[in-house]
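Visitor: Can you keep this structure in mind? I'll have questions shortly.
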Amino acid sequence: MTEENRQSGHRRRIHYRGTHPHTFEEKYKERQPEKYADTVAHVISKGSTPAGMHIPIMVPEILDFLQIRPGQQGLDATLGYGGHTRHMLEQLKGSGHIYGLDADPIESAKTAKRLADQGFGPEILTVRQMNFADIDLLAKETGPFDFVLADLGVSSMQIDDPARGFSYKTEGPLDLRLNPEKGISAAQRLQEVTKPELEGMLTENADEPYAADIARAIVKRNKTAQKILTTTDLRDVIEDVMAPKLSGLPAEERKKEMRRTCQRVFQAVRIDVNSEFEVLEAFMEKLPGIMKPGGRIAILTFHSGEDRIVKKAFRYFQRQGIYSDAARDVVRPSAEECRRNGRAHSTKMRWAIKA
């Protein structure tokens, strides 16, 4: 590096080893979509999500239901990458306000800057680092809302970053916290949990059919000097348990089942570490109290546990006359969207309207 470049803060661009990037850090093109739009478009065209980005799911269906009008006040309870927020802000046409919440201090700051750079400043958008279980505290400041969106999926930026420990596919610390500044990591949680408690966690949070065997192996490993500290440590334990059980399957089916098991276990631990079901129940209980009459709510869920909580709350408040209407059936993304975005496959949307 030259002295001139050093003083200017210039850093040499990372060079790939071979013809393609191998690590998250090397995928610099995908992580700078404003500079490499063609590369990003190519990745999306193959049905993949560019590293460090999050493609919003079911945007047309959400906007069609929410019926956002200029002058309204809305809430994106799960800001994430800001894709849904941007589309909702566009519907306001410069008049009204949206509040965006996210428990993640790392991603919420990035998203606030990204949206500000796109022209959505504090006059129309307020970003708060806040857990959506605290929406009642927000509403005391803002007053009630005309529309609310909650996308309960983990953001692709979190999944793709090995440092966050959300994915079994890449080496990283086994963290899994949505807010790494609070609570304990997944690695710490697995060191203190009992075998019966862990088995229940895997069953309740992910319907894992081999919960007992996997729980036994995790607890046993953590009693040794070689404790589970990284994402690959946990993946190795899962694979050791599952290998003999899947040995009779064809290679491709064996690989698919191994992947599904890893996904379920990581999901179950993540839900526990972040108290996601408890937080969602608190959010659903407080939602009616922050809505204006006629206010509209849309919620995207990604697995059965979340969907049950949302469905139960909507039906309960509808029977009480608090919601004038609520979805009887889930709305799903189109086949075309699922083709373009593989992470959309498991999405379900439920909605309700305040009486």
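The values are calculated or read from the model by the stated rules, or taken from the named source; none is laboratory data. If you're wondering where the values come from, they're calculated on a predicted model, not measured in any experiment. When we count neighbours, we look across all protein chains shown, and the Cβ atoms used for this are built from the backbone with ideal geometry, even at glycine. Quick note on the areas: whole protein, heavy atoms, side chains included, nothing else; ligands and nucleic acids left out. Shrake-Rupley method; radii C 1.70, N 1.55, O 1.52, S 1.80 Å.
Visitor: Using only the Cα atoms of the range 84-221, what are the Rg and Dmax in Å?
Guide: Just the Cα atoms of the range 84-221 yield Rg and Dmax of 19.0, 58 Å.
Visitor: Across bins of 10 angstrom width beginning at 0, how are the C-alpha pair distances of the range 152-297 distributed, in whole percent?
Guide: Percent of pairs per bin, in order: 11, 38, 31, 13, 6, 1.
Visitor: So, with +1 on the Cβ of K and R and -1 on the Cβ of D and E, and no other charges, what is the size of the charge dipole of the range 203-334 about its Cα centre, to the nearest 20 debye?
Guide: That gives a dipole near 160 debye.
Visitor: Toward the positive end of the charge dipole of the range 69-171, about the Cα centre and with charges on Cβ (Lys, Arg +1; Asp, Glu -1), which of Met130, Val154, Thr111 goes farthest?
Guide: Thr111
Visitor: What net charge do the residues around Ala327 carry, taking every other residue with its C-beta under 10 Å from that of Ala327, with Lys and Arg at +1 and Asp and Glu at -1?
Guide: Residues close to Ala327 contribute a combined charge of +3.
Visitor: Moving on. Which of rounded, prolate, oblate describes the range 57-109, given a ≥ b ≥ c as roots of the alpha-carbon gyration tensor eigenvalues and a/c under 1.5 marking rounded, otherwise prolate only if a/b is larger than b/c?
Guide: oblate
Visitor: Find the eigenvalues of the gyration tensor of the Cα atoms of the range 234-291, then list the square roots of 5 times those eigenvalues as equivalent ellipsoid semi-axes, largest first, in whole angstrom.
Guide: 37, 12, 6
Visitor: Going toward the positive end of the dipole of the range 205-310, with +1 on Lys and Arg Cβ and -1 on Asp and Glu Cβ, which of Ala268, Gly294, Met242 do you reach last?
Guide: Farthest towards the positive end: Met242.
Visitor: How long are the semi-axes of the equivalent ellipsoid of the range 177-228, taking √(5λ) for every eigenvalue λ of the Cα gyration tensor, in whole Å from largest down? Could you put the intermediate results ahead of the total?
Guide: Working: eigenvalues 73, 51, 12 Å².
Ellipsoid half-lengths, sorted descending, are 19, 16, 8 Å.
Visitor: Provide the packing ranking of 66-75, 180-189, i.e. peptides ordered by the mean count of other C-beta atoms within 10 Å per residue, highest first. Let's see the in-between values first.
Guide: Numbers: 66-75: 18.4, 180-189: 16.1.
For the peptides 66-75, 180-189, the packing ranking is 66-75, 180-189.
Visitor: How large is the convex hull of the Cα atoms of the range 108-169 per residue, expressed in Å³ as a whole number?
Guide: Looking at the range 108-169, the number lands at 122 Å³ per residue.
Visitor: Oh, and also: Where the Cα atoms of the range 55-161 are projected onto their three principal axes, how long is each span, largest first, in whole Å?
Guide: Extents along the principal axes, in whole Å: 37, 30, 25.
Visitor: I'd like to compare 166-175, 190-199: which one has the highest average count of other Cβ atoms within 10 Å, and what's the full order after that?
Guide: For the peptides 166-175, 190-199, the packing ranking is 166-175, 190-199.
Visitor: Still on this structure, I have one more. State, in angstrom, two size descriptors of the range 268-355 derived from its alpha carbons: Rg to one decimal place and Dmax to the nearest whole number.
Guide: 14.1, 40
Visitor: Moving on. If you rank Tyr323, Tyr210, Tyr316 by how much accessible surface each has, with a 1.4 Å probe, what is the order from largest down?
Guide: Ranked list, largest accessible area first: Tyr316, Tyr210, Tyr323.
Visitor: In addition: I'd like to compare 237-244, 278-285: which one has the highest average count of other Cβ atoms within 10 Å, and what's the full order after that?
Guide: Those peptides, ordered most packed to least, come out 278-285, 237-244.
Visitor: At 1.4 Å probe size, with the rest of the protein present, what percent of the exposed accessible area of the range 267-355 is carbon and sulfur atoms?
Guide: Summing carbon and sulfur atoms, their accessible area is 48 percent of the total for the range 267-355.
Visitor: Quick check: at a probe of 1.4 Å, how many percent of the accessible area of the range 134-262 sits on carbon and sulfur atoms? Write down the numbers at each step before the final one.
Guide: Details: 3080 of 6150 Å².
For the range 134-262, the apolar C and S fraction of the accessible surface comes to 50 percent.
Visitor: Given 5 Å bins starting at zero, what is the percent of C-alpha pairs of the range 145-205 in each, up to the one with the largest pair distance?
Guide: Once binned at 5 Å, the Cα pair distances of the range 145-205 give 4, 15, 18, 21, 20, 11, 5, 3, 2, 0.
Visitor: In addition: Given a 1.4 Å probe, how much area per residue of the range 90-136 is accessible, in Å²?
Guide: Per-residue accessible area for the range 90-136 comes out at 46 Å².
Visitor: Of Lys227/Lys255; Lys195/Lys227; Lys110/Lys140; Lys286/Lys354; Lys113/Lys169; Lys195/Lys220, which sit over 18 Å apart, Cα to Cα? Write down the numbers at each step before the final one.
Guide: Values: Lys227/Lys255 25 Å; Lys195/Lys227 15 Å; Lys110/Lys140 26 Å; Lys286/Lys354 13 Å; Lys113/Lys169 29 Å; Lys195/Lys220 9 Å.
Violating the 18 Å limit, Cα to Cα: Lys227/Lys255; Lys110/Lys140; Lys113/Lys169.
Visitor: Can I ask one more? Using the Cα centre as the reference, give the magnitude of the dipole from point charges on the C-beta atoms of the range 159-242 (Lys, Arg: +1; Asp, Glu: -1; all else neutral), rounded to the nearest 20 debye.
Guide: 340
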